[in-house]
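Structure first, commentary second.
Just so it is clear, none of the values below were taken in a lab; they were calculated from the coordinates. In this text the structure is predicted, and so the values were computed from the model without any measurement. We place every Cβ from the backbone using ideal geometry, glycine too, and count neighbours over all the protein chains shown.
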Amino acid sequence: MTAAEQDSYLQWLSDCPEHGKVIAQIEKSWNALNQLSEWRPAHSPTPNPDLLAPRNKYYFPWKRLLTVAAAIALVTLCWFQFQIGHRSRSAQAIIHPGPERLTLEDGSVVELNVGAKVNVQFTPQERRVQLVRGEAHFSVAKNPARPFIVSADKFAVRAVGTAFSVALDQDAVSVLVTEGKVRLGESSQSEPPSDSADASSELSHLVAGQKAVITLAAPPLSDSKQEAQRVQISEVTPAEIERALSWQGLRLEFVDMPLGDVVAEFNRYNVHKLVVADNETAAIVVGGNFRADNINAFVRLLDAGFGVNARSTGNIILLQRTR
């Protein structure tokens with residue numbers, strides 16, 4: 001799950017005690033159904049109903065005593081072997097590299113999702129980038145004298161100093177603004193509409209927290225009657241933005257690691273530092289997959305799932321278990 005999905009699930013669990021009970025019931029049913037895993041149609045037309053029949057805890061078939069004893073011995077041996085193997089695989093911190101990152105000559109930064117490709121053409125008058133395929137996120141260095149233009153298929157996005165992503169597929173171009181504002185237009189123009197564009201271009205104006213989806217098969221932008229159908233603009237929540245851009249950034253995956261060690265890994269990548277208050281809190285074993293720069297989502301997970309309270313003082317976040 002993404003960090004936003006983890007937050008949503010944990011919030012759902014904490015909203016009502018009954019939610020955890022429902023999850024436990026589902027796990028119990030699933031484990032019961034797992035008993036059918038060895039059945040195959042070749043064994044019999046239907047599974048043996050005894051596989052799912054409830055057991056009488058007061059009845060013990062003495063004639064099977066030796067079989068059960070042997071099974072217990074075998075399970076015990078397997079358990080020890082599992083523990084040895086499990087320990088050898090536990091307490092891991094796995095670093096997943098982030099997307100390809102390009103720093104352009106003006107200081108703007110382009111992050112490329114897997115499979116994305118761009119062509120960069122800078123002139124003294126403008127900064128132009130062509131998105132050939134895939135999805136890219138742009139953090140634009142401010143320079144009002146040289147507009148930053150991203151073209152994708154028939155359309156272009158104009159920005160001065162802002163952050164936004166552009167995705168190109170077979171049917172549409174999607175633009176998501178995370179900071180500042182942009183304007184949309186046809187790439188055949190000298191440049192997309194400027195900030196002084198008239199009211200007829202207002203549907204191609206996007207600000208932070210908005211997303212536009214432009215259908216490629218739609219009529220050209222000059223046909224104002226069809227504009228509302230061509231360009232679909234919607235508001236997006238911070239959680240939706242986080243999900244949409246979950247491919248960005250370095251990710252840290254933790255497998256059965258003590259919180260103290262996890263904190264040390266996070267602190268390598270963030271200005272805000274996590275500090276564990278005591279040894280009991282540091283010994284909590286946690287796991288999961290997180291963006292290295294998203295310590296807020298990690299702190300929310302600790303609060304919802306482990307009862308770890310966070311107190312911020314300047315650049316320090318103190319973690320302490322309260323329940």
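Descriptive notes on the structure:
- Set LYS211/LYS273; LYS142/LYS211; LYS117/LYS211; LYS117/LYS181 screened for pairs whose C-alpha atoms are more than 26 Å apart: LYS211/LYS273
- Residues GLU235, GLU179, ranked from the fewest to the most other C-beta atoms within 10 Å, line up as GLU235, GLU179.
- Region 251-321 - share of DSSP beta bridges that are antiparallel (%, nearest 5): 75 percent
- P(r) tail fraction, region 106-185 - alpha-carbon pairs more than 18 Å apart, %: 31 percent
- Remark: C-alpha extents of region 251-321 on the principal axes read 28, 25, 19 Å, sorted largest to smallest.
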